[in-house]
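Nothing in this text is a laboratory measurement; each read-out follows from the coordinates by a stated rule. It should be emphasised that the depicted structure is a prediction, and the values quoted were computed from it without experimental measurement. Don't worry about glycine lacking a Cβ; one is built from the backbone with ideal geometry, like all the others, and counts go over all protein chains shown.
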Amino acid sequence: MTKFVVTPANVAQRDAWAGGAIPEVERVRPGLWSVPVPIPVNPLRYVLVYVLELPDGVAIVDAGWNTDEAYDALVAGLAVAGYAITDVKGVLVTHIHPDHYGLAGRVREMSGAWIALHPADARLVRERYDDAAIDSLVERERELLRRCGVPALTLDELAGASMMIRHMVTMAKPDRLVEDGDELGLPGWDLRAVWTPGHSPGHLCFVSPGRRVLFSGDHVLAKITPMVAVHPQSGPNPLADYLGSLAAVRKLDVEEVLPAHEYRFLELAERVDSVMAHHDERLAEIERVVGSLDGAACWDLATRLTWSRPWETIPPFMRRAANNETLAHLAWLEARGRVRRVAGEPDLWFPA
Ligand SMILES: [Zn+2]
Ligand SMILES: [Zn+2]
């Protein structure tokens, strides 16, 4: 199958992305701006914050990572659009990952803006960002990795791998909980929330039927597919959630997708189809590898799959992600009766 390549909405933005640069602050269309906000030490490099003009200020979709550099870039981008940080009335957060949610608290502090989040992600805020609760989260991650057959020596390293970045996020409690289908009620905007769990349990996209645009967060991107993984804060079958959420946005009649990373593009339905095909291929590969072994742990299966580079060269944090992504595919196959899990130390996977 030849891979479908999306058409960029703005070639200059795509070229900046492809060239390893940060794109320009840009007026996407009347009343709507795109502001790239840098992310530290991350191959994604920036999050695209969208600025929606209102009669008395602006609302923003996502905020960026909580660093001074990111904050300054957001302030500078707002200035290009003719606004100050104090003009921000609301922050619509697609999901709680630090590159989207991290800066929301600081924006609220400066402007008095409300912060909106889906309840399923709001629930995770305390556990994820509160020092008192973090130990239990690390403990559950360790247990999950142990049952995947992660070698004891690397367990500690892997279980705590994301804790170092946690401190860069301020623990901001949301002011507004937004559910599937909710109208946001922003003056001049017919914006509606679409709940798209999978990448995160409370991931939200926002659609404007009138302007025919979809703010897709990390749910649908031009080139990469978002991480969908089993972890202590995911549901039991996040890949089923994710594929269901892809089907939900595929139906939307939009002409342009405004994602949080990379670049804006056209052809939502075709892109959704190719992401679905990617997961189909991955599921088939994993089912094949399970079938070739007589009972294997998730970690051992993960080491035998094709990744973008040789397993030995993948750093610990990404190996954990790879393991947890493999587990998400195994859980999906198990729910469909295509593989069988025998619980133990570790859990072993067999052909059905
Ligand atoms: Zn994310
Ligand atoms: Zn992201």
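With the contact rule set at Cα under 8 Å and sequence spacing of 6 or more, what percent relative contact order holds for the chain? That works out to 15 percent. Expressed in Å, the radius of gyration and Dmax of the Cα atoms of the chain are 20.3, 64.
Taking the chain as a Gaussian network of alpha-carbon nodes connected by springs under 10 Å, the highest mean-square fluctuation of the residues ARG304, ARG341, ARG123 belongs to ARG304. Run the reach check for LYS251 against aspartates and glutamates, Cα to Cα strictly under 13 Å, same-chain hits fewer than 8 apart removed. What comes back? Answer for LYS251, where 13 Å is the Cα cut-off: GLU267, GLU270, ASP273, listed by chain and number.
Checking Cβ-Cβ separations below 4.7 Å across the chain identifies CYS205 as cysteines lacking any candidate disulfide partner.
GNM on the chain, alpha-carbon springs under 10 angstrom: the most fluctuating residue among GLY82, GLY198, GLY105 is GLY82. Between ASP135 and LEU177, the simple label model (points 7 Å from Cα in the Cβ direction) yields a spacing of 2.9 nm.
Among the lysines, select those whose C-alpha is under 20 Å from the C-alpha of LYS173, and discard any that sit fewer than 8 residues away in the same chain. Leaving aside lysines fewer than 8 places away in the same chain, those within reach of LYS173 are LYS89. DSSP finds beta bridges in the stretch 51-106, and of those with both partners inside it, around 50 percent are antiparallel. Ordered by the count of other Cβ atoms within 10 Å of each Cβ, fewest first, GLU287, GLU281 give GLU281, GLU287. In a Gaussian network model over the chain where Cα atoms closer than 10 Å are linked, find which of VAL178, VAL339, VAL47 has the largest mean-square fluctuation. The residue with the greatest mean-square fluctuation here is VAL339. Specify the inter-centroid distance of the stretch 86-112 and the stretch 305-352, based on alpha-carbon positions, in whole Å. Answer, in whole Å: 35. Shape annotation for the stretch 258-352: C-alpha extents along the principal axes are 46, 31, 19 Å, from largest to smallest.
The distance separating the Cα centre of the stretch 251-298 from that of the stretch 1-41 comes to 21 Å.
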